[in-house]
Ligand code: GLN
């Protein structure tokens, strides 16, 4: 049986609003394509290399946990940067997305260093951006989810798409997340992958391509995933009325 390995970084600190559901979704969709997904939890990064890693995942956390996780990940930041530049597929959520940038400024003005893997930054405010969110994406179609963050992220990289309901990266430009090479960063918790099979498949397909594994069947029966998506879309359209 074909096998892919997911590195799940800092699960002991970064698992807000059931981010772990992303790992379950990856496992399930991989299984339906006869791929065994091996998950390696990494809470200490000493001596970690990316040689065996096919996909990486980092969830979100409170400002405190995010700062502790950043300290730990600083030990491997150049290896993580090289892996991203090399096209390693990865998903990072909220706090895990924010610390890939150069800095995170807390609501009281304290500047915390990010990993500085990509040139962007986040400033947090006391009033939080929360609620259901809907995005129209050229790559993934309609994306739905839930957001809850104080951070406002600013960058000029590609994004996941245009926000049609909710906030996304900030309360300014109606864009959500980041899409750089095969790295995806997002503010969507809830978790994002079970409701958005297109994104789950994207990560798996890119990982298969890199490893020379045939990704099939390409299409799966998405009835349940689409039903979950529809719940959010309908709720949002009720809120608009
Ligand atoms: N630092 C994050 C924020 O902007 C933490 C929240 C999160 O990961 N959801 O609030």
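Once region 176-206 is narrowed to residues that are within 16 Å of the ligand (Cβ to nearest atom) and over 10 Å from the mean Cα position of the chain (by Cα), the residue that is modelled with the highest pLDDT is 176.
Here region 82-114 is the region considered, the condition is being over 15 Å from residue 7 (Cβ atoms) and in a helix (DSSP H, G or I), and the residue that is nearest to the chain's Cα centre (by Cα) is 97. Only one of the numbered conditions (1) more than 21 Å from residue 138 (Cβ to Cβ); (2) part of a loop (DSSP other than H, G, I, E, B); (3) free of Cβ contacts under 8 Å to residues at least 60 places away in the same chain is violated by residue 167, and that is (1).
Against the definition (within 10 Å of the ligand (Cβ to nearest atom), within 24 Å of residue 22 (Cα to Cα) and surrounded by fewer than 24 Cβ atoms within 10 Å (Cβ to Cβ)), how does residue 122 come out, yes or no? So residue 122 fails the test. Just a yes or no: is a residue in region 190-213 part of a loop (DSSP other than H, G, I, E, B) and surrounded by fewer than 16 Cβ atoms within 10 Å (Cβ to Cβ)? Checked against the condition, which is being part of a loop (DSSP other than H, G, I, E, B) and surrounded by fewer than 16 Cβ atoms within 10 Å (Cβ to Cβ), region 190-213 yields at least one hit. Which one is farthest from the ligand (Cβ to nearest atom) among residues in region 18-34 that are surrounded by fewer than 18 Cβ atoms within 10 Å (Cβ to Cβ) and in contact (Cβ under 8 Å) with a residue 40 or more places away in the chain? Checking each candidate, the answer is 32. Among the criteria (1) touching a residue at least 24 places away in the same chain (Cβ under 8 Å); (2) more than 14 Å from the ligand (Cβ to nearest atom); (3) surrounded by fewer than 22 Cβ atoms within 10 Å (Cβ to Cβ), the one residue 158 does not fulfil is (1). Scanning region 140-155 for residues that are without any contact (Cβ under 8 Å) to a residue 60 or more places away in the chain, surrounded by 18 or more Cβ atoms within 10 Å (Cβ to Cβ), closer than 23 Å to residue 240 by Cα and away from the ligand (no atom under 12 Å from the Cβ) yields one hit, 143.
Checked against the criterion of being more than 21 Å from residue 156 (Cβ to Cβ), assigned to a loop (DSSP other than H, G, I, E, B) and either within 15 Å of the chain's Cα centre (by Cα) or within 16 Å of the ligand (Cβ to nearest atom) (or both), region 70-81 contains not a single residue that satisfies it.
Considering region 125-139, the residues that are within 15 Å of the ligand (Cβ to nearest atom) and within 19 Å of residue 155 (Cα to Cα) include one that is farthest from the chain's Cα centre (by Cα), namely 125.
Scanning region 207-222 finds no residues that are closer than 12 Å to residue 30 by Cβ, within 22 Å of the chain's Cα centre (by Cα) and without any contact (Cβ under 8 Å) to a residue 24 or more places away in the chain. For region 50-61, the count of residues that are more than 14 Å from the ligand (Cβ to nearest atom), within 17 Å of the chain's Cα centre (by Cα), in a loop (DSSP other than H, G, I, E, B) and in contact (Cβ under 8 Å) with a residue 24 or more places away in the chain is at least one.
The values are calculated or read from the model by the stated rules, or taken from the named source; none is laboratory data. Keep in mind the model is a prediction, meaning the values are calculated, not measured. Here Cβ is always computed from backbone atoms with ideal geometry, including for glycine, and neighbour counts include all displayed protein chains.
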